[in-house]
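Engineer: Structure incoming, see below.
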Amino acid sequence: MDIKDINKVSLEYLSLHDYQELKDVMIEAYRNMPNSYWSESHVQKLISIFPEGQIGIKIDDELAGCALSIIVDDDRWEDSHTYREVTGDYTFSTHTLKGNILYGIDVFIKPKFRGLRLGRRFYDYRKELCEKMNLKGILFGGRLPNYHKFAKQFTPKQYIDKVREREIHDPVLNFQLANDFHVKKVIKNYLEGDKASQEYAAILAWDNVYYTKPRKSAKTDKTIVRLGLVQWQMRLYKGMKELMEQAEFFVDAVSGYRCDFALFPEFFNAPLMAEYNHLSEPDAIRKLASYTEQIRDAFSALAISYNINIITGSMPYLDDGTLYNVGFLCRRDGTIEKYTKIHVTPDESKVWGMKGGDQIQTFNTDCGKIGILICYDVEFPELSRLLALEGMNLLFVPFLTDTQNGYSRVRHCAQARAIENECYVAISGSVGNLPKVQNMDIQFAQSVVFTPCDFSFPTYGIKAEATPNSEMILVADVDMDLLKELNQFGSVRNLKDRRNDLYELRKK
């Protein structure tokens with residue numbers, strides 16, 4: 001049919017008034033399979049139990065094709081089954097609104113309307129229906145109509161591999177693979193009388209990346225997460241109490257905007273070393289470490305009282321005489337986790353005698369899995385990739401840089417991590433000067449939230465950025481569903497397309 005002759009294409013719910021036309025379309029569509037059409041009672045049953053699942057496309061009021069479906073429970077039907085079994089011997093008794101899989105019973109197009117990509121409209125509708133109903137995905141048995149031509153040469157699995165590699169054309173399987181379906185398994189004796197497929201079928205699946213498993217508790221999964229970044233001004237404080245008053249001011253500010261996270265910079269508490277400036281640098285930093293647990297506990301109390309997850313930046317920490325650079329995730333539920341800088345800078349090692357940690361891990365939060373890397377660590381791509389492989393979607397980077405070139409290293413590496421790991425990256429640093437504290441004279445920072453670079457994200461991969469070298473907060477919303485969509489359907493898929501046959505990355 002010439003597309004120029006078409007005036008109107010409409011997607012509509014099926015009505016029993018469409019039955020005779022539906023029957024005629026099926027007979028014409030399945031010419032090689034005699035008597036392959038649904039009876040009026042079958043169609044009536046489908047419409048009555050699940051009207052949203054039965055749709056047709058009309059072209060200038062002529063029925064061009066139909067798609068029929070039911071809802072089933074994946075625990076029962078993801079393994080081997082026949083078409084007769086999954087339809088309840090064609091009674092559709094297997095349909096249940098308590099199920100979590102949309103099972104495709106049939107899709108057929110009138111031959112004269114083929115080539116208009118009508119099948120794609122059906123599957124786009126089914127995908128949207130899955131998302132609307134919070135179903136886990138779509139499942140169905142896909143015929144292999146050209147397999148009979150190659151049955152003596154290839155097993156069904158070999159045939160499917162040849163189709164996937166574009167060496168063989170299969171009109172059904174090619175279409176499904178092009179529409180983001182993947183083959184779960186091959187089933188024998190799926191559809192009685194399907195001689196063209198030798199009664200084999202490929203069980204095809206599409207996964208709904210927005211699916212949320214129903215919960216029995218009051219907990220909800222957040223899809224929009226609000227980040228509050230603290231760009232901290234270095235200044236002298238009279239003591240711990242005054243430092244934490246300033247910290248609470250920022251926590252109060254970002255929680256007032258209902259942020260889910262507050263991120264502080266690396267060594268934000270360095271002003272407390274002014275009291276020990278008469279000591280050697282190694283001794284002064286160890287004196288600063290004596291405040292760390294007290295600051296941790298104060299932040300945990302703030303997290304609970306202000307209902308916000310706080311990433312405390314980092315602080316020096318003594319463990320059996322060894323000095324580390326650590327920070328804490330203080331969750332709003334009162335739990336606390338510690339993270340440690342893995343790669344200390346040459347200056348941290350030479351001047352302070354600081355050692356690197358040995359724990360690489362993600363952290364579960366009420367906003368999903370997060371990762372935290374302190375400053376220099378973000379310049380080592382292996383670390384964030386390991387976190388991404390554990391399911392990290394948000395990476396926080398508290399940093400401290402004195403010069404613009406040092407800042408540029410952190411900034412550009414952090415942005416690269418967002419692209420290559422398909423995640424959001426938030427970096428937060430300190431600004432200003434700090435007299436009377438050795439080895440902490442000047443600071444340069446611009447706090448930023450980076451995104452991947454694809455159509456659903458900002459063109460330059462920057463969600464929000466602070467004014468350079470000014471004390472302020474930066475608040476930004478990030479959409480976690482966009483990451484799921486990117487992972488499955490992005491222009492490029494940096495996580496999925498890794499050549500695991502050539503290389504691998506693992507923890508020792």
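We did not get these values from a lab; they are worked out from the coordinates using the rules stated. This is a predicted model, so every value here is computed, not measured. Cβ sites come from the backbone with ideal geometry, for glycine too, and all protein chains shown count toward neighbours.
Engineer: Could you grab the relative contact order for segment 344-497? Cα pairs under 8 Å, six or more apart, rounded to a whole percent.
Structural biologist: Relative contact order comes out at 16 percent.
Engineer: Counting helices only, and only those DSSP H runs with n ≥ 4, report the 222 nm mean residue ellipticity of the chain as the sum of -39,500 (n - 2.57) divided by its residues, in deg cm²/dmol to the nearest 500.
Structural biologist: -8000 deg cm²/dmol
Engineer: If you take every DSSP beta bridge fully contained in segment 224-489, what fraction is antiparallel? Give it as a percent rounded to 5.
Structural biologist: 65 percent
Engineer: Using the alpha-carbon centroid of each, what span in Å lies between segment 1-71 and segment 227-242?
Structural biologist: When both Cα centres are located, 67 Å separates them.
Engineer: ³J(HN,Hα) across segment 339-353 via Karplus (A = 6.51, B = -1.76, C = 1.60, θ = phi - 60°), whole Hz, x for Gly/Pro?
Structural biologist: Per residue, the Karplus-derived 3J(HN,Hα) values read 10, 10, 5, 7, 10, 7, 6, x, 5, 4, 6, 6, 7, 9, x Hz.
Engineer: Another one. Is the C-alpha gyration tensor of segment 224-489 telling us rounded, prolate or oblate? Criteria: a/c under 1.5 is rounded; beyond that, a/b larger than b/c is prolate, otherwise oblate. List each step's numbers first, then the result.
Structural biologist: Working: a/c = 1.60, a/b = 1.46, b/c = 1.09.
Prolate, because a/c is 1.5 or more and a/b exceeds b/c.
Engineer: Given a cut-off of under 8 Å on Cα pairs at least six residues apart, what relative contact order in percent is computed for the chain?
Structural biologist: Details: 993 pairs, mean separation 53.7, N = 508.
Computed value for the chain: 11 percent relative contact order.
Engineer: With N denoting the number of residues in segment 1-137, provide Rg(C-alpha) divided by 2.2 N^0.38 Å, to two decimal places.
Structural biologist: Rg over 2.2 N^0.38 Å, computed on Cα atoms: 1.06.
Engineer: Would you mind estimating how fast the chain diffuses translationally, via Stokes-Einstein at 10 °C and 1.306 mPa s with the Kirkwood radius over Cα pairs, in µm²/s?
Structural biologist: Result for D is 60 µm²/s.
Engineer: Relative contact order (percent) for segment 131-196, with alpha-carbon contacts under 8 angstrom and 6 or more residues of separation?
Structural biologist: 39 percent
Engineer: Separate question: If you take the charge dipole of the chain about its Cα centre, with +1 on Lys and Arg Cβ and -1 on Asp and Glu Cβ, which of ALA289, LEU279, GLY334 is farthest toward its positive end?
Structural biologist: Looking along the dipole axis, the top candidate is GLY334.
Engineer: If you don't mind, another one. Kindly express, to the nearest 10 degrees and within the range 0 to 90, the angle between helix 480-489's C-alpha long axis and the longest C-alpha principal axis of the chain.
Structural biologist: 50 degrees
Engineer: Right, something else. Could you give the size of the charge dipole of segment 3-207 about its Cα centre, using +1 on the Cβ of each K and R and -1 on the Cβ of each D and E, expressed in debye and rounded to the nearest 20?
Structural biologist: Roughly 640 debye for segment 3-207.
Engineer: If you don't mind, another one. Does anyone have the angle between helix 40-49 and the longest principal axis of the chain? Alpha-carbon axes, 0 to 90°, nearest 10?
Structural biologist: 20 degrees
Engineer: Label segment 263-366 by shape, choosing from rounded, prolate and oblate, from the square roots a ≥ b ≥ c of the eigenvalues of the Cα gyration tensor; if a/c is under 1.5 it is rounded, and otherwise prolate applies when a/b is larger than b/c, oblate when it is not.
Structural biologist: Verdict is oblate for segment 263-366.
Engineer: Compute the acute angle (0 to 90°) between the alpha-carbon long axis of helix 19-29 and the principal axis of greatest extent of the alpha-carbon atoms of the chain; round to the nearest 10°.
Structural biologist: 90 degrees
Engineer: Moving to a separate point now. Would you mind counting up the charge near GLY432? Only other residues with Cβ under 12 Å from its Cβ, with Lys and Arg at +1 and Asp and Glu at -1.
Structural biologist: Once all neighbours under 12 Å are counted, the net charge is -2.
Engineer: Considering amide H positions built from the backbone, and no H for Pro or chain starts, which residues 5 or more places from ASN189, or on another chain, come under 5 Å of its amide H?
Structural biologist: Hits under the 5 Å cutoff: TYR200.
Engineer: To the nearest 20 debye, what charge dipole does the chain have about its Cα centre, counting +1 at the Cβ of each Lys and Arg and -1 at the Cβ of each Asp and Glu? All intermediate terms of the calculation are to be shown ahead of the outcome.
Structural biologist: On the way: 64 positive and 70 negative charges, 179 e Å.
Its charge dipole is roughly 860 debye.
Engineer: Taking the dipole about the Cα centre of segment 132-228, with the C-beta of Lys and Arg at +1 and of Asp and Glu at -1, give me whichever of ILE138, PHE181, ILE224 is farthest to the positive side.
Structural biologist: The Cα lying farthest towards the positive end belongs to ILE224.
Engineer: Show me the ranking of peptides 121-130, 99-108 by mean Cβ neighbours inside 10 Å, starting with the highest. Please list the in-between numbers first.
Structural biologist: On the way: 121-130: 18.1, 99-108: 21.9.
With the highest mean Cβ count within 10 Å placed first, the list reads 99-108, 121-130.
Engineer: Sticking with this structure for a sec: Using the Cα centre of segment 224-489 as origin and beta-carbon charges of +1 (Lys, Arg) and -1 (Asp, Glu), tell me which of PHE450, ALA464, ASN405 is placed farthest towards the positive end of the dipole.
Structural biologist: Looking along the dipole axis, the top candidate is ASN405.
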